[in-house]
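Have a look at the structure below before the remarks.
The values are calculated or read from the model by the stated rules, or taken from the named source; none is laboratory data. Small disclaimer: the values here were computed from a predicted structure and weren't measured. Every residue, glycine as well, gets a Cβ built from its backbone with ideal geometry; the counts of neighbours run over all protein chains shown. These area figures cover heavy atoms from the full protein model, side chains too; ligands, DNA and RNA do not enter into them. Shrake-Rupley method; radii C 1.70, N 1.55, O 1.52, S 1.80 Å.
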Amino acid sequence: MTATHLGMPAFPAAAREAVRDDVLRANLRRATHTIRDKRARAVTELADWDRLRAAGKAVKDHTLRHLDHYLLRLEAAVTAAGGTVHWAADATEANRIVTELVRATGEREVVKVKSMATQEIGLNEALEAAGIAAYETDLAELIVQLGHDRPSHILVPAIHRNRAEIRDVFRTEMGRWGRPAPDGLGDDPRELAEAARLHLREKFLRAKVAVSGANFMVAETGTMVVFESEGNGRMCLTLPETLISVVGIEKVVPTFRDLEIFLQTLPRSSTAERMNPYTTMWTGLGPSKGADGDGPAAFHLVLLDNGRTDTLADEVGRQALRCIRCSACLNVCPVYERAGGHAYGSVYPGPIGAILSPQLRGTGSGIDASLPYASTLCGACYEVCPVAIDIPEVLLHLRERVAQGGPVTREGIRVRIRPARGHTAERAAMRAARLLLERPGALRAGERLLSRARRLRPRRLPGPGSAWTDSRELPRPPREPFRDWWARERGGRA
Amino acid sequence: MSGRDRVLGRIRRALGEPGAGGAGTGRAPVEAAAGEDGIPRDYLRVHGDRTPAESADLLAAHLREYRAKVHRTDEDGLAPLLARLLAARGARTVLVPPGLPPSWLDGAQAVRVEDRADSTPYALDAVDSVVTGCALAVAETGTIVLDGGPDQGRRRITLIPDHHICVVRVPGQLVDSVPQALERLDPTRPLTWISGPSATSDIELDRVEGVHGPRTLEVVLIDAPAQ
Ligand code: SF4
């Protein structure tokens, strides 16, 4: 991953800063609790939620186990439908491919649909370096881009900004990128959305090239699927002449029918809606191969690895590749709520970020080595995950890697990493713990509530200094919050 | 080595060679694992048991919940209703897909604008309203699905104008659930699933209807025999 934020401090330091920022914490708390409650209601409406969850997990596991097969099928289907498929082993390759494709059109600007994959590879920066302007069109992404900010949530990237801050950003920045904010712009969300509509409309209508990601790709048919709410996705996917989609290789599913699972679980788990306002599905250039003027005349799919195959090589860690980016795990996480999204130092914040970033990027940096400790292991993330990723299990696995070293795959090559030097991991763990214990009352209450429902079965003790568990499986530990465990196990030695 | 070979090589090293099967190393051949029994599909095909009339009511309720306006009529009432809705909106121009039954707009005052392959986005932006049919609607989720059929037209015509009126025949075009919808759809066609008007919750999670897509979505259910 090239988009490691430069100079990013390790998680504990970054989080401590965030914990002190009262505005951020208030925004975040309000937001996460609102979505969390609504989501629970949306999920309860489906009597077969657990079965949909099990099916979603099984589809993803099956696909990952035969990833080469399904990617080749996808490639054949997309090609047959008039699209062109490119493969990128890393961020540099992906950025080069996209830059060349845009250059070949002769255009100097692109409109973009919110896409985590392109953020992960730092595509906007790469395009900018090549003299190409990339305009984010999702409202939250626009707020982040205009504010020279970083996203802090998967679904609501500007969750850390309140309406007054957004108004200020629009007032000062919109004019520099295109149509300025209307005079006397207030801070009513309706007014702000209207300002964004006007600002972006001129860009949509003239755009010749668009860049998107995708939520799913269907191997059998070559169909691409994008879920969204605002209509900016539809604008980007249907108006420009050239469409370039950059998609992680783990987003493939075998059959069109498999979408029946995720069309039910993703919107409910993500925005707590029965269905999001817009979902677009397209297959290459369509039945007329682009001749009917319905949609782009050229479609390019860039399949992105960038650490995913390394993650796939880890039998415990690979389950992180099942993630459908619903963001439910962020909204229930007591650590995310206190620390905020920026503390995770990547485009993937929260519990999923804590297990994905250190696998995609390796645990070489301070931030990546400390991410597996950014958790109380309360298990709430696993409970809500619509594809049943056992995030606590992967966290423990990664903690062990950091603390004790062991075999990992980096850029396709199997290597052995050494235990973290100079007790780096130990320090990270301690700092993370102290951070979490700073306001013990609130955390403990939240945690107890969550742990009632947990089904966490750690097989080894977390953290360094627990080498003795190597030689034997740990008996099922008592169901207690991290805080109590910490106080009992480590309290005397901190 | 090409990016393709590199990525595929890494996948195979991570998983073992495909098709080796047998004891020990290697993966079972994909065919064996991909069968119906490989994935537990014991989730429900449909949630609840409804008469066609109840399904239509549910569709209407769910559409309304997401702030679409819903109207009910029959075949004879359609043209007068559409004329009224366009007049109430103050629409001077209405975009029509090539295969829209002309009788639908009998009596409408708005000037008809036909979509052509060379209609620019700017031209479409100048039109007040658009009227289309649909491929089907899903009651459980309050969704209409467009597949670019002759009475629906290109995807852009239901996107750029600020007012979309969509006609759904019930019970013929109505299914109860998402699984039933996918069974009836052709994935090679461009598909647009629409559940209420464009919306955002990006500012303090306050839901605001209408960002880039049509800010007003009106759905007309016509009771008509199945097609
Ligand atoms: S890990 Fe699970 S809960 Fe978290 S974003 Fe991914 S799919 Fe959603």
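Give A:Lys112/B:Lys69; A:Lys208/B:Lys69; A:Lys38/A:Lys114; A:Lys208/A:Lys289; A:Lys38/B:Lys69 a once-over and call out the pairs whose C-alpha atoms are over 25 Å from each other. Flagged as over cut-off: A:Lys112/B:Lys69; A:Lys208/B:Lys69. Largest GNM mean-square fluctuation among B:Ala117, B:Ala14, B:Ala60, using chain B with Cα springs under 10 Å: B:Ala14. Taking the chain by itself as reference, segment A:213-231 contains these residues with an accessible-area loss of 30 Å² or more in the full protein complex (1.4 Å probe, heavy atoms): A:Glu230.
Please compute the length gained on full extension between A:Asp21 and A:Arg96, using 0.36 nm multiplied by the number of residues separating them and subtracting their Cα-Cα distance. Can you show the working numbers first?
Numbers: separation 75, 0.36 × 75 = 27.00 nm, distance 3.85 nm.
Extra length from A:Asp21 to A:Arg96 when fully extended: 23.2 nm.
Quick one: if the Förster radius is 56 Å, what FRET efficiency do A:Thr172 and B:Asp106 give, using the C-beta to C-beta distance and rounding to 0.05? Rounded to the nearest 0.05, the efficiency is 0.60.
Using a Förster distance of 30 angstrom, determine the FRET efficiency expected from the C-beta separation of A:Ala133 and B:Ala123, and round it to 0.05.
0.70
Shape call for segment A:37-140 from the C-alpha gyration tensor, a ≥ b ≥ c root eigenvalues: rounded (a/c under 1.5), prolate (a/b greater than b/c) or oblate? Cα axes put segment A:37-140 in the oblate bin. Partner shielding of A:265-278 amounts to 5, given as the average count of beta-carbon atoms from other chains within 10 Å of each residue beta-carbon.
When ranked by the protection proxy of mean other Cβ atoms within 10 Å per residue, highest first, what sequence do the peptides A:239-249, B:201-211 form?
Details: A:239-249: 23.7, B:201-211: 21.3.
The peptides rank, most packed first, as A:239-249, B:201-211.
In segment A:69-94, whose amide N lies under 12 Å from the spot 7 Å out along Cα-to-Cβ of B:Ser2? List them in ranges. In segment A:69-94, the label zone of B:Ser2 (backbone N under 12 Å from the point 7 Å along Cα→Cβ) covers A:76, A:85-88. If you run the Gaussian network model on chain B, springs between alpha carbon atoms under 10 Å, then out of B:Leu217, B:Leu59, B:Leu100 the most flexible one is B:Leu100.
Leaving out ligands and nucleic acids, and using a 1.4 Å probe, what accessible area per residue does segment A:256-298 come to in Å²? Intermediate results must be reported in sequence, preceding the final value.
Values: 890 Å² over 43 residues.
Value for segment A:256-298: 21 Å² per residue.
Dividing the convex hull volume of the alpha carbon atoms of segment B:167-211 by its residue count gives 134 Å³ per residue. Computed from the C-beta positions of A:Arg410 and B:Arg67, the FRET efficiency with R₀ = 41 Å rounds to 0.25.
Quick one: with all protein chains in place, what share of the accessible area of segment A:118-268 is carbon or sulfur, to the nearest percent (1.4 Å probe)?
Numbers: 1850 of 4000 Å².
Carbon and sulfur: 46 percent of the exposed surface of segment A:118-268.
GNM remark for chain B: springs join alpha carbons under 10 Å apart, and the peak mean-square fluctuation among B:Pro197, B:Pro187, B:Pro101 falls on B:Pro187.
Hey, can you rank A:173-184, A:104-115, A:307-318 by average C-beta count inside 10 Å, highest first?
Numbers: A:173-184: 14.1, A:104-115: 19.7, A:307-318: 22.1.
The densest-packed peptide leads the list: A:307-318, A:104-115, A:173-184.
Per atom type, chain B shows carbon and sulfur on 51% of its accessible surface, probed at 1.4 Å.
Using a 1.4 Å probe over protein heavy atoms, the accessible area lost on pairing B with A, summed over both chains, comes to approximately 7800 Å².
Enter the mean number of other protein chain beta carbons within 10 Å of the beta carbon of each residue in A:71-79, as an integer. It would help to have the intermediate numbers written out before the result.
On the way: counts 4, 2, 1, 0, 1, 0, 2, 0, 0.
For this peptide, the per-residue mean of nearby foreign Cβ atoms is 1.
Sorting B:82-95, A:368-381 by average packing, meaning the other beta carbons within 10 Å per residue, from highest down gives A:368-381, B:82-95. Extending 7 Å from the Cα toward the beta-carbon at both A:Arg29 and A:His148 defines two label points whose distance is 3.1 nm.
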